[in-house]
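Participant: Here's a structure for you.
Please treat every number below as a calculation from the coordinates, not as lab data. Quick caveat, the model's predicted, so the values are computed rather than measured. Heads up, the Cβs are rebuilt from the backbone with ideal geometry, glycines too, and the neighbour counts pull from every protein chain shown.
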Amino acid sequence: MIKAYVRTEEAFMPVALETEQLSSLDRGSLLWLDLLSPTPEEFAAVEEALRLELPTRQESEEIEFSSRYWEDESGIDINTYFLVRQEDKFHNETVSFILREHFVVTIRFSDQRIFTEFSRKLRLSPRSFRDGADVLSGILAMRVDVDADILEVLSREIASLGRRYSQSFERPREFLTHITDYEDINITIRENLSDKHRVLSSLLKSTIISETLKKEFSMMIKDVNSLIVSANFNFERLDYLQNLFLNYLSVEQNKVIKIFTVMSVIFLPPTLIASIYGMNFRRLPELEWSFGYPLALLLIIVSAVLPLYIFKKKGWL
């Protein structure tokens, strides 16, 4: 799908275009051309109408920095991560920005709410956006705000996880599943923010971007830096919870081992006495005693109770 935002009398009119309509598109009034999951035919039509070369999906997803940001005399090409949520999972999806002259072209392969919200903002305050660079700045600023909201929610969930499980780890598998899920989400957000940081740093060095916009990008990069600090703190908090869980398991295992140790010590003297009187020798003095058997039982009981008394008194039980 192709949607063009064209300036008409101090306002912007979004127009959904078919491939054959691109040839009649007025480049002079074009501010933003948004491509959502474009077909090869739409790719070719846009390239011909605007006389530019668009990156394919495979090219836009390259991880080398030279593929993520490119600037020359004709304009700026940017491939940057946008955080996408599907059910309870997050993943980074590349969105491409091609800044040329006074307009910008965006290429994305999923329907993201932020573009709908920015489209509404563009229609409500058209005077705030003079050219494509302003659109690029506005979308990135809105994306950073959304990332901040997501990170704030994640931080609250991690904090509630700690409060919920710090008193008792009765469901260890569930707890470890939560830890793993939150670590995956935090890693994805951290990668997203690092990519944003590199793009914003490059825009600050650009010779095409105006000084006014560079001030806005400078504020964005400060926000991104603070979000990276928050993401790193989430990693530390998750490590703390994991260590707390492992310490709890260690204590519980020590309790079990302690019980077995105490039981083995308790039954060791009775076992010794029973072993002595279970020997098959003809000459055992106690064999002829009338009270030999009760005496042996008494010794067994005393030898079992005495360690219990000593352990209780010492506070070992």
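Participant: Please compute the contact order of the chain in relative form: average sequence separation of alpha-carbon pairs under 8 Å and at least six residues apart, divided by the residue count, as a percent.
Facilitator: After rounding, I find 13 percent.
Participant: If you take Rg and Dmax of the Cα atoms in Å from the coordinates, which of [x] 23.3, 75; [y] 35.7, 123; [z] 18.6, 60 do you get?
Facilitator: [y]
Participant: Quick one: plug the Kirkwood hydrodynamic radius of region 252-314 (C-alpha pairs) into Stokes-Einstein at 4 °C, 1.567 mPa s, and report D in µm²/s.
Facilitator: 97
Participant: Using a Cα distance threshold of under 18 Å, what count of lysine pairs results for region 2-249 when pairs must be 8 or more residues apart or interchain?
Facilitator: 9
Participant: Further, regarding this structure: With the contact rule set at Cα under 8 Å and sequence spacing of 6 or more, what percent relative contact order holds for region 1-128?
Facilitator: This gives 24 percent for region 1-128.
Participant: To the nearest 20 debye, what is the magnitude of the charge dipole of region 35-121 about its Cα centre, counting +1 on the Cβ of each Lys and Arg and -1 on the Cβ of each Asp and Glu? Please report the intermediate quantities before stating the final value.
Facilitator: Details: 10 positive and 19 negative charges, 109 e Å.
So the magnitude is around 520 debye.
Participant: Hey, another quick one. Using the Kyte-Doolittle scale, find the helices of the chain whose mean hydropathy is at least 0.0 and whose Cα atoms extend 30 Å or more along the helix's long axis, counting only whole DSSP H runs.
Facilitator: 132-165, 211-277, 292-314
Participant: May I ask you to sort GLU117, GLU42, GLU20 by Cβ crowding, counting other Cβ atoms within 10 Å and putting the fewest first?
Facilitator: Fewest to most other Cβ atoms nearby, the residues stand as GLU20, GLU117, GLU42.
Participant: Suppose we keep just the DSSP beta bridges with both residues in the chain; what percent of those would be antiparallel, to 5? Could you put the intermediate results ahead of the total?
Facilitator: Numbers: 32 of 37 bridges.
Bridges in the chain that DSSP calls antiparallel: roughly 85 percent.
Participant: Ok, one more. Can you spot the lysines whose alpha carbon is less than 27 Å from LYS255's alpha carbon? Ignore those fewer than 8 places along the same chain.
Facilitator: LYS312, LYS313, LYS314
Participant: Which value in deg cm²/dmol, rounded to the nearest 500, describes the helix-derived mean residue ellipticity at 222 nm for the chain, given -39,500 (n - 2.57) per DSSP H run of n ≥ 4 and division by the residue count?
Facilitator: Rounded to the nearest 500, the figure is -21000 deg cm²/dmol.
Participant: Moving on. Over the alpha-carbon set of region 33-144, work out the extent along each principal axis and list the three values in angstrom, largest first.
Facilitator: 40, 36, 28
Participant: Relative to 2.2 N^0.38 Å, what does the C-alpha radius of gyration of region 1-52 come to as a ratio? Two decimals please.
Facilitator: So the Cα radius of gyration is 1.07 times the expected 2.2 N^0.38 Å.
Participant: Moving on to the next point. Rounded to the nearest Å, what's the spacing between the alpha carbon centres of region 83-103 and region 126-201? Just the number, please.
Facilitator: Rounded to whole Å, the Cα centres lie 15 Å apart.
Participant: Using Cα pairs under 8 angstrom and six or more residues apart, how large is the relative contact order of region 168-309, in percent?
Facilitator: Reported as a whole number, the value is 23 percent.
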